[in-house]
Amino acid sequence: MPPTKIIIYINDVAAGEAVALKLSEGAVTSRYEIGEAPHGLGLSADGKVLFATSQGDERVTRIELYQNASKSVQLAPAPYHLAVSPVDGRILVTSRGEARLWVLDPVSLAIVDEVLLDGIGHQISIEGQ
């Protein structure tokens, strides 16, 4: 049986926010401040934490959805696409300004690894094993 309550998260670039949209009603249920030019979005495996990038502010943000708390850290240059690892929850973020991928701790948002790429990384898809 399909879920009865589907919430999707979408960047509202003009407002610098991510919005939660209840799909069945087409209604925005919440708004979360991200910053200038939000781009990447990812949800934790348990659905409790939303992660987002702001290219304009060069920040990555962690939003605890049910506690209405957030934390942002500087990440430069130009954090771009974002994915959440289904294996260990780490956050993967590409840079629009340099050929690199950052691996971040999901709680502190500290950089735990950097991977140099051959070009600018765009979308991210993860195969968990």
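All of the numbers you see were taken from the coordinates with simple rules; none came from a lab. Quantities reported herein were computed from a predicted structural model and do not represent experimental measurements. Using ideal geometry, Cβ is built from the backbone for each residue, glycine included, and neighbour counts are taken over all protein chains shown.
Can you report the number of residues in region 18-68 which are of a type in the set (D, E, K, R), in a strand (DSSP E or B) and surrounded by 17 or more Cβ atoms within 10 Å (Cβ to Cβ)?
Of the residues in region 18-68, the ones of a type in the set (D, E, K, R) are 22, 25, 31, 33, 36, 46, 48, 57-59, 62, 64.
Remaining after also requiring in a strand (DSSP E or B): 22, 31, 33, 59, 62, 64.
Narrowing the set further to residues that are surrounded by 17 or more Cβ atoms within 10 Å (Cβ to Cβ) leaves 59, 62.
Total meeting the criteria: 2.
V73: surrounded by fewer than 20 Cβ atoms within 10 Å (Cβ to Cβ), of a type in the set (A, V, I, L, M) and not in a strand (DSSP E or B), yes or no?
no
If the condition is being of a type in the set (V, I, T), under 14 Å from the mean Cα position of the chain (by Cα) and part of a strand (DSSP E or B), then region 3-17 contributes I8, I10.
The residues of region 85-94 that are touching a residue at least 24 places away in the same chain (Cβ under 8 Å) and over 11 Å from E114 (Cα atoms), listed by number, are S85, P86, V87, G89, I91.
Scanning region 115-129 for residues that are part of a loop (DSSP other than H, G, I, E, B) and aliphatic (A, V, I, L, M), we see that the one that is nearest to S70 (Cα to Cα) is I124. Looking only at region 104-114, decide whether some residue is touching a residue at least 60 places away in the same chain (Cβ under 8 Å), closer than 18 Å to G47 by Cα, under 13 Å from the mean Cα position of the chain (by Cα) and part of a loop (DSSP other than H, G, I, E, B). Checking region 104-114: at least one residue is touching a residue at least 60 places away in the same chain (Cβ under 8 Å), closer than 18 Å to G47 by Cα, under 13 Å from the mean Cα position of the chain (by Cα) and part of a loop (DSSP other than H, G, I, E, B). Looking only at region 2-53, residues that are touching a Phe, Trp or Tyr at 6+ places or on another chain (Cβ under 7 Å) and polar (S, T, N, Q) come to 1 in all. Please determine, by comparing only the residues of region 76-103 that are within 16 Å of the chain's Cα centre (by Cα) and β-branched (V, I, T), which one is surrounded by the fewest Cβ atoms within 10 Å (Cβ to Cβ). Out of the qualifying residues, it is V103. Kindly provide the set of residues from region 104-123 that are under 17 Å from S54 (Cβ atoms) and surrounded by fewer than 18 Cβ atoms within 10 Å (Cβ to Cβ), ordered by number. The one that is under 17 Å from S54 (Cβ atoms) and surrounded by fewer than 18 Cβ atoms within 10 Å (Cβ to Cβ): I111.
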